[in-house]
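The values are calculated or read from the model by the stated rules, or taken from the named source; none is laboratory data. The shown structure was predicted, so the numbers you read here are calculated from the model rather than taken from an experiment. We place every Cβ from the backbone using ideal geometry, glycine too, and count neighbours over all the protein chains shown.
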Amino acid sequence: MNTSLPTLADIRTVALTQALQHKIDHKTKPQGSLGRLEALALQLGEILGTDSPVLKDPQLVVFAGDHGLVRRGVSAYPSNVSWQMVENFLAGGAAVSVFSRLNQIALSVVDCGVAHDFLAGLPAGAQRPGLRVCKVPGGEQGTADSSEQAAMSLLQCQQALQNGVALVRTLPGNALLLGEMGIGNTSAASLLLARLAGLDIELCTGRCCRRLAPCCARWPVSSRPGCRKRPQKQPQRCNVLRARHRIHPS
């Protein structure tokens, strides 16, 4: 599978950028006094193509799935926590649920391959509010153990991407926030980062976050990337990911 990143076209226009900047600079305030908010306002206007940007019906979509690599002990938590977290999202008890509710953002949770049947016991065709089920054939229980084989086939990957595109096109509004959840997700993200950025897998697991980003030294240990894992799990996790990285060179 080709892992090269696509080139995105620049949608900005000089005239609109200048109009937006003029409008921002001539508010009743010192220029630049709102800091990053001014840069954000400029960016939103450029994206929406207007000098009076308004966010309409913002949407937050969280994609959930299980990772077969968890069976190798790469996470501090068992995979059955994934479905429990989805239930927490739907019940409105998770942080992302509270964030969405307080900011009037519609939240959708997508079951892309959680090892659980969220519709069990419901009549045929029934749906649950806030839940979308978009499992791919063969991946109903999550991805395969990538230490033994590819986590997904090319066909499954393409289908998953198409499912995401189709789902987003059904949503209203002009602003989209994306998230993901699933025990083992940090390991999958570490492998992707190592492959796409050409970094050593150890740097991507969080064990050497100070070497990767010196600013990490300012963070509490519990907040550093990958540092929420139990310390005794880290060497095992890194070794499993390094072995997997060697098995799949591309």
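Couple of notes before you dig in:
- Criterion applied to ALA166, ALA124, ALA115 was being assigned by TED's automatic domain parsing to the domain that holds ALA76 and assigned to a helix (DSSP H, G or I), and the one residue passing it is ALA166.
- Taken over region 137-158, the residue count meeting the criterion of being over 18 Å from the mean Cα position of the chain (by Cα) and either surrounded by 16 or more Cβ atoms within 10 Å (Cβ to Cβ) or in a loop (DSSP other than H, G, I, E, B) (or both) is 14.
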